[in-house]
1. Which one of these is over 19 Å from residue 79 (Cα atoms) and either at pLDDT below 90 or among the basic types (Lys, Arg) (or both): 53, 42, 22, 60?
2. Since residue 201 meets every condition but one in (1) at pLDDT below 75; (2) surrounded by 12 or more Cβ atoms within 10 Å (Cβ to Cβ); (3) at negative phi; (4) part of a loop (DSSP other than H, G, I, E, B), which condition does it not meet?
3. Of all residues being closer than 20 Å to residue 311 by Cβ and of a type in the set (Lys, Arg) in segment 240-285, which is surrounded by the fewest Cβ atoms within 10 Å (Cβ to Cβ)? Just the residue, please.
4. May I ask you to list the residues in segment 338-375 that are basic (Lys, Arg) and touching a residue at least 40 places away in the same chain (Cβ under 8 Å)?
5. Could you tell me which residue of segment 115-137 is nearest to residue 40 (Cα to Cα), considering only residues that are part of a loop (DSSP other than H, G, I, E, B) and not hydrophobic (A, V, I, L, M, F, W, C)?
6. Condition first: acidic (Asp, Glu), more than 22 Å from residue 321 (Cα to Cα) and modelled with pLDDT of 95 or more. Can you find one or more residues in segment 238-254 that meet it?
7. What single numbered condition from (1) surrounded by 16 or more Cβ atoms within 10 Å (Cβ to Cβ); (2) at pLDDT below 95 fails to hold for residue 218?
8. So how many residues does segment 52-88 have that are open to solvent by 40 Å² or more (accessible area, probe 1.4 Å), in contact (Cβ under 8 Å) with a residue 24 or more places away in the chain and touching a strand residue (DSSP E or B) at 6+ places or on another chain (Cβ under 7 Å)?
Amino acid sequence: GLVAVLRSLWSRYGLRALAYERHLSSSRVPWGERIELQLVVRNAKPLPLPRLRVDDLVSREADIAGVPLDPSPDSGFAVLAQTWSVGWFERITRRHEIVGSRRGRYRFVRARLQVADLFGESSMVEERPLLTTYRVVPRTVAVRSARADSPIAGTARAPHGLVEEPSLFAGVRPYQPGDQLRRIHWKATARVGRPVSRRFDPAREREVLLALDMQTVPGASWQLTWDEDLVEGLCVAAMSLARAFIADGVAVGLAVNAYSDRPQRTVFLPPSATPTQLARIADYLADVSPYASMPFERLLAGVARRAPMGCAVVALSGRDPSGLLPVLRRLGAQGYRASHAALGPDAARWSARARSFGVPSAAYRLIPDWRTADALERMA
């Protein structure tokens, strides 16, 4: 009778006032780096739990350092199994490291809690929905160029313009009738003895849309085949170019002909120079599939309906650009600054072919590969 009474305690009260939590030190993991995962069990009752098993359902390709994942009947998921022994009114925290070994979006979707009594027999089981998400984003490397100018975005300052940028102070000039009082530089006026006004550089709104081609093998775009190294190299190149443009004050957007967790068949992020734009681009690149969802030519043809007029469109691809060149020339005729960027073992040849058709092009390379390269080099 005593044994039956003891077992009934864990069967009835084992999961009451029992909390299970997950905490991540960051929601983004750059490829090759690590973040901390904290698993917390809090038992807020006077009944100890001699054996508590927690099975976390996590994306199958997640990499948790030193912890093997068990197979799961749910497609695309694995089980992170942990066994605990928790006393009364006790809180236990276990720390693990999540390794960013593969680009993608990963989820912990639910936890299965199972309590056993003093005799080691299961007493109560409960599943709790507990969603935790993190992303492994592509690497970001420096962008180096053997040339001082860039045919893609342009770095020269505008010599004149209709609109001036008040934050770009360029000096003073003699006062002209009609200048507002707030434009007069009073300290310089007192110093030179005559009225002078502030002079500003002309406003220069530069916008770049990075169009990324996720088709990396010859053939039809609907074939679910891809070159793994070239896909990851393209993501590293897009991320690195985006960071370099934003650091130069350029508004950057992203368009990709690939699936993601969003209902659209493609990815489109309008150009922006906000501080959070680079993080958005990283999230989009982490979510996209390694294979194309539609022909790249169709994606570029739709840019004219979505991108701001006059922005620079950079078609980043790792294959023969012959099919892209007519579309890029058509975009140029419509008022966009369309150009081509090549990556891969044949980047120099593809870039030369694009230039032969009158399309500005640059060839990039990651040496020795996208995993260990310290810079994205633009070949002269």
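1. On the way: 53 fails: over 19 Å from residue 79 (Cα atoms); 22 fails: over 19 Å from residue 79 (Cα atoms); 60 fails: over 19 Å from residue 79 (Cα atoms).
Just one listed residue meets the conditions, 42.
2. In the conditions (1) at pLDDT below 75; (2) surrounded by 12 or more Cβ atoms within 10 Å (Cβ to Cβ); (3) at negative phi; (4) part of a loop (DSSP other than H, G, I, E, B), residue 201 misses (4) alone.
3. Taking the candidates together, the pick is 280.
4. 371
5. Residues of segment 115-137 that are part of a loop (DSSP other than H, G, I, E, B), as a first pass: 117-121.
Next, from what is left, pick out any that are not hydrophobic (A, V, I, L, M, F, W, C): 117, 120-121.
Details: 117: 21, 120: 22, 121: 23 Å.
Looking at residues that are part of a loop (DSSP other than H, G, I, E, B) and not hydrophobic (A, V, I, L, M, F, W, C), I get 117.
6. As a first pass, look at segment 238-254 and keep what is acidic (Asp, Glu): 248.
Right, trim to more than 22 Å from residue 321 (Cα to Cα) and you get 248.
From the residues that got through so far, the ones that are modelled with pLDDT of 95 or more too are none.
Scanning segment 238-254, I find no residue that is acidic (Asp, Glu), more than 22 Å from residue 321 (Cα to Cα) and modelled with pLDDT of 95 or more, so the answer is no.
7. (1)
8. Of all residues in segment 52-88, those open to solvent by 40 Å² or more (accessible area, probe 1.4 Å) come to 53, 60-61, 63, 66, 68-71, 73-75, 83, 85, 88.
Of the ones still in play, those that are also in contact (Cβ under 8 Å) with a residue 24 or more places away in the chain are 53, 61, 63, 66, 83, 85, 88.
From the residues that got through so far, the ones that are touching a strand residue (DSSP E or B) at 6+ places or on another chain (Cβ under 7 Å) too are 53, 61, 63, 83, 85, 88.
Of the residues in that region, 6 qualify.
The values are calculated or read from the model by the stated rules, or taken from the named source; none is laboratory data. Quantities reported herein were computed from a predicted structural model and do not represent experimental measurements. No Cβ is skipped: glycine too gets one built from the backbone with ideal geometry, and neighbour counts run over all protein chains shown. Protein only, heavy atoms only, side chains kept; ligands, DNA and RNA dropped before computing areas. Shrake-Rupley method; radii C 1.70, N 1.55, O 1.52, S 1.80 Å.
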